[in-house]
1. Hey, rough spin-label estimate for Asp549 and Arg284, points 7 angstrom out along Cα→Cβ, what's it come to in nanometres?
2. Within segment 293-435, what whole-number % of the accessible surface is contributed by carbon and sulfur, with the 1.4 Å probe and all protein chains included in the calculation?
3. Using the crude model of +1 on Lys and Arg Cβ and -1 on Asp and Glu Cβ, and no other charge, please compute the dipole size for the chain relative to its Cα centre, in debye to 20.
4. Using only the alpha-carbon atoms of segment 445-550 as identical scatterers, what base-10 log of I(q)/I(0) does the Debye formula give at q = 0.12, 0.14, 0.21 Å⁻¹?
5. If the only charges are +1 at each Lys and Arg Cβ and -1 at each Asp and Glu Cβ, what is the size of the charge dipole of segment 416-550 around the Cα centre, to the nearest 20 debye?
6. Which of Lys239/Lys359; Lys229/Lys357; Lys336/Lys357; Lys117/Lys172; Lys319/Lys359; Lys229/Lys319 have a Cα-Cα distance over 27 Å?
7. Could you work out the helix-only [θ] at 222 nm for the chain, with each DSSP H run of four or more residues adding -39,500 (n - 2.57) and the total divided by the number of residues, to the nearest 500 deg cm²/dmol?
8. Please state the Cα pair-distance histogram of segment 386-452 with 10 angstrom bins from zero: what percent is in each bin?
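The values are calculated or read from the model by the stated rules, or taken from the named source; none is laboratory data. Everything numeric here is computed off the predicted structure, so don't read it as measured data. Quick reminder, even Gly has a Cβ in these numbers, built from the backbone with ideal geometry, and neighbours come from all protein chains shown. These area figures cover heavy atoms from the full protein model, side chains too; ligands, DNA and RNA do not enter into them. Shrake-Rupley method; radii C 1.70, N 1.55, O 1.52, S 1.80 Å.
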Amino acid sequence: MSTRTAPSPATQDVARDSTELPQARPRALDGAAGNRTTVDEAAQLEQTARLYGMEHVDLRDMELDSELLAQFPAAELFRHNMIPLALSGHVVRIATGDPLDFEGLDELSSRTGLLLKPVLASRTVIEELLRSRLGLGAGTLRDIAGRFDEDDSATEQHVVDEDESGSASVIKLVNEILQEAVRQRASDIHFEPTDRGLEVRYRVDGVLRRQPAPEEIHRLRAAILSRLKIMARLNIAEKRLPQDGRIPISVAGRDLDLRVAIMPLLHGEGAVLRLLDMSRGAPRLDELHMPVMLRERWVSAIRQPNGLILVTGPTGSGKTSTLYASLAELNDGDSKIVTIEDPVEYQLHGVSQIQAKPKIGLTFAAGLRGVLRLDPDVILVGEIRDAETAQSAVQASLTGHVVFSTLHTNDAAGAVPRLVDMGVEPYLVAGVLRAVLGQRLVRHLCPACRQPAIPEAGTTPADFPHGFPTYRSVGCRECRGTGYFGRIGVFELLTLDARLRDLAGRGVGADDFRQQALGSGYVPLRAHGWQRVADGETTVDEVLRVCADV
């Protein structure tokens with residue numbers, strides 16, 4: 001524990017200075033948690049500032065002086081939770097979250113040769129500004145970079161060594177990268193070696209965001225990759241072959257399961273981490289915000305006593321979440337539900353879940369054959385990716401089971417010809433297929449900054465309904481300047497009537513089947529996407545981005 005010391009004469013003099021800060025733009029406070037100052041916190045800061053005779057400032061949206069920031073040691077700014085705001089002569093206004101941290105003020109003053117005048121601000125906002133302006137793990141990187149040799153082989157020798165105080169280390173740096181990913185709601189972390197060093201990118205709301213980082217991170221790329229291998233119990237000496245592993249970890253009170261994929265690339269080893277939140281419960285169907293009529297038809301389909309139920313879409317389109325929500329709808333205690341997954345993304349009470357392990361022969365197809373001996377009523381197969389799994393799923397459907405699975409097709413109508421292409425007889429597809437749900441995820445407009453927009457003539461696609469209202473993304477601190485916050489589903493549902501079953505049984509081509517489906521009330525993805533636009537939930541560009549192929 002650090003000892004409080006009295007302020008130096010220089011600090012005391014500066015505290016009485018009247019130099020003005022650059023004015024931050026006024027902004028309404030809200031009660032949301034995270035990186036936003038709450039109304040209660042603002043009131044507490046005002047009270048504390050008056051108690052210590054300080055000024056309270058709201059740092060959100062304030063413009064900072066990059067040249068001034070560069071004069072201060074990053075590690076000390078992070079350690080003391082301070083950030084310089086403005087320079088007037090030799091006096092610097094510096095924001096702090098602790099009005100009694102005289103030690104930190106004296107240390108920064110002596111390191112820079114500048115006189116400091118402290119003002120009080122939110123610790124959370126200061127931390128966010130430091131991360132965004134100095135880069136990912138800046139304090140840790142600049143504190144430890146000097147202890148690593150530029151040569152990769154020498155770097156690896158220090159991978160697991162934490163210093164005697166247990167503070168600055170590669171371990172701490174990797175932890176900071178994981179913590180920041182959780183703060184930004186990232187689903188994946190990409191470590192990408194380049195000819196210049198290492199880039200770190202987070203996938204947030206389906207889009208990759210490059211994370212700013214100091215130059216020192218490039219010298220530590222081998223140490224970072226080795227640390228990830230050790231955490232995932234992989235072979236740190238193997239650099240020529242791909243490796244897969246997992247890391248169970250707790251971050252910010254949340255239990256995560258990180259799925260790690262290591263791959264040798266042109267400029268060194270790269271890694272991708274998929275973040276699975278094990279503490280998060282499975283969603284409910286009403287949380288997916290399906291159109292009311294579509295949801296009613298889907299619930300009717302999944303409650304059939306047997307048959308094959310499919311959800312289609314590309315990787316990362318929310319198929320698994322929809323399947324879990326559907327299982328939760330059926331999990332009333334009267335049915336035996338068994339799943340075969342890779343990986344198990346949610347844990348459902350009352351459901352028997354199996355983790356597929358292809359390396360030892362426990363594939364989806366092999367697991368499905370074994371599951372039938374458990375007397376199930378409902379079976380979930382993670383994905384139909386080959387002919388063997390397709391045949392097994394169809395056979396299970398024929399023997400009185402409801403089988404849920406996913407299939408990679410562009411739209412729901414493409415599922416029927418896809419199963420035929422995988423070797424399933426057309427008459428079997430017509431007999432067992434009950435419903436196909438196609439879906440995509442579009443980014444949800446940030447409600448804090450979205451604005452109505454009037455599209456220019458000729459800029460909207462031909463199928464966009466005339467007269468529909470549209471909105472545009474703007475960008476603010478709440479959405480980190482992206483204009484979007486979170487994602488929402490776009491859905492289409494295909495159920496087979498007598499005419500479509502006849503077409504499926506005759507094995508018609510994909511285009512012909514799709515045209516006939518449209519004539520039978522099948523509403524395509526983009527039509528639902530345009531409704532999302534009209535409701536102010538997303539933009540035309542976003543619908544076109546994810547539905548360009550349908």
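1. So the label points at Asp549 and Arg284 sit 3.5 nm apart.
2. 48
3. Value, rounded to 20: 1120 debye.
4. Once normalised to I(0) and log-transformed, intensities are -0.52, -0.65, -1.07.
5. It comes to approximately 420 debye.
6. As for pairs spanning more than 27 Å Cα to Cα, those are Lys117/Lys172; Lys229/Lys319.
7. Only helices count here, giving -9500 deg cm²/dmol.
8. The calculated distribution, bin by bin, is 18, 45, 15, 11, 10, 2.
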